[in-house]
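See below for the structure under consideration.
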Protein chains: 2
Amino acid sequence: MDRQNSSSNTRTKILEAASRLFYEQGYHLTGINQVIAEADVAKASFYYHFCSKEDLCVAYLEQRHQDWFGWLREEVERSREPLERLLGLFTFLERWLANSDFRGCAFLNIIADFPSSYHRIRQLVVSHKDALQAYIAQLVDHLGCSDSDNNLSHLVNTIYLLFEGTICQCQMYRTTEFIQDTRETVRKLIS
Amino acid sequence: MDRQNSSSNTRTKILEAASRLFYEQGYHLTGINQVIAEADVAKASFYYHFCSKEDLCVAYLEQRHQDWFGWLREEVERSREPLERLLGLFTFLERWLANSDFRGCAFLNIIADFPSSYHRIRQLVVSHKDALQAYIAQLVDHLGCSDSDNNLSHLVNTIYLLFEGTICQCQMYRTTEFIQDTRETVRKLIS
DNA sequence: AAAATTGTAGACAAACCTGTCTGTACGAAA
DNA sequence: TTTCGTACAGACAGGTTTGTCTACAATTTT
């Protein structure tokens, strides 16, 4: 119909294929040729929309950031009760892990794939995690706890670490059973 | 002098170069050619000692497991006081991070580099983390706490998650300041 | 001294990588 | 009708990858 639409269809097809492959196989094991084959797109079309593989990686991370936060918010904000919302972080993990393609945090995985010197990629990952910590801080704020200030930021950091640790643990052991325990720990930390 | 020695010298040089490169650059960004160049060894010598790159990776992980646990034990067992020992886990992290080449957990990084289907590598990582959890459990045991049984395994898991989460956090933010906070959290969890 | 073991040097093969290029097609807009 | 934007197919270049191969050297064992 309109070229606007058809143009972004091709770009979208590429980005979707790349997202799946980068996440499931890692960046370096995924070649451009595989991406365009799975996206069913010509190589020239790929280089029309993206100027390099690294550029594609940046686009992948930016979109992944949007998508993932959308999923997280959807699960957390299912309830209106502040404590339930906070614990919803871990309910989200349970659901996420249930996905057959779960392979841990896309951002931590990408960081592992590159040496420390890829600042452009690193920066995206740091931004993502900053946003996650800010979101947790917001959830903790809404609890309306009357702890001393310092303790609150303590609490945020502890919950963040538990969250991150759980993702890593799930990536290796592929089981959700201990998440219930973690939820208990968080409940205890608050009271 | 003896062939035992000279044979293992070549192998050791290769393994040392590979360890450094795999850890700092990741597996796929490190080529065999770079490994043998930095080890100052001929390619045929490499394939005399290792039958493939993946084989080298396995050797790398096995040695890394030994080395890393050695470092951890050395720091933790510096004190004879059970609580100090447990908290020593996080003192170890502070020292480890101070190394200029710190780039997070070698085992988690390797897992990120491979798709889930590399079972041989995955198994090594799982074994490593099993050993870490067992070690933490042992440290918690020696505290002689009289919590109910269930709570103790809870506690072990929580400390493990905090440990893992802290490693990831350090890999991104490259600062040790919040480790002190984590130590406080652990202290609070125990009492 | 002869033979076997252990290791070295580096050319080579075959496959793969990213990225470029040429040339074509087709709809929409000017 | 011409021009522009988007997309196609696929050959190609230049470089890298892992892994093999042959020939040679040093040392140890027989």
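Here, each number is a calculation from the coordinates, and none is a lab measurement. Being a predicted model, the structure only gives us computed values, none of them experimental. Virtual Cβ from ideal backbone geometry, glycine too; neighbours counted across all protein chains shown.
Overview of results
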item	result
Charge dipole (debye, nearest 20) of the protein assembly as shown; +1 at Cβ of Lys and Arg, -1 at Cβ of Asp and Glu	740 debye
Loop trypsin sites (Lys or Arg not before Pro), region A:27-132, which have at most 16 other Cβ atoms in a 10 Å radius of their Cβ (DSSP)	A:78, A:80
Hull-based mean projected area of chain B, where the convex hull spans the alpha carbons, in square nanometres	13.0 nm²
Options A:186, A:21, A:39, ranked by Cα towards positive dipole end of chain A, top entry (Cβ charges)	A:39
All aspartates and glutamates inside 16 Å of residue B:43 as judged from Cα atoms, apart from same-chain residues fewer than 8 positions distant	B:16, B:54, B:55
Dipole magnitude of chain A, debye to nearest 20 (Cβ charges: Lys/Arg +1, Asp/Glu -1, about Cα centre)	380 debye
Spin-label pair residue B:134/residue A:62, simplified geometry with 7 Å Cα→Cβ offset, distance in nm	4.8 nm
Extension gain, residue B:119 back to residue B:94 (0.36 nm per residue minus Cα-Cα distance, nm)	5.8 nm
Residue mean of other protein chain beta carbons inside 10 Å, A:171-184	3
Under 15 Å, Cβ to Cβ, from residue A:70 - net charge with Lys/Arg +1 and Asp/Glu -1	-1
Calculated [θ] (222 nm, deg cm²/dmol) that DSSP helices of n ≥ 4 give over the protein assembly as shown, each run adding -39,500 (n - 2.57)	-26000 deg cm²/dmol
Neighbour net charge for residue B:125 - beta-carbon separation under 15 angstrom, K R +1, D E -1	+1
Principal-axis tilt of helix B:3-25 within chain B, Cα atoms, nearest 10 degrees	60 degrees
Pseudo-label separations to other copies for residue A:51 - Cα-to-Cβ vector, 7 Å, nm	4.7
Assigned charges on the beta-carbon of Lys, Arg, Asp, Glu; region B:44-129 dipole about Cα centre (debye)	180 debye
Nearest-ten-degree value, helix B:149-173 long axis tilted from longest Cα axis of chain B	50 degrees
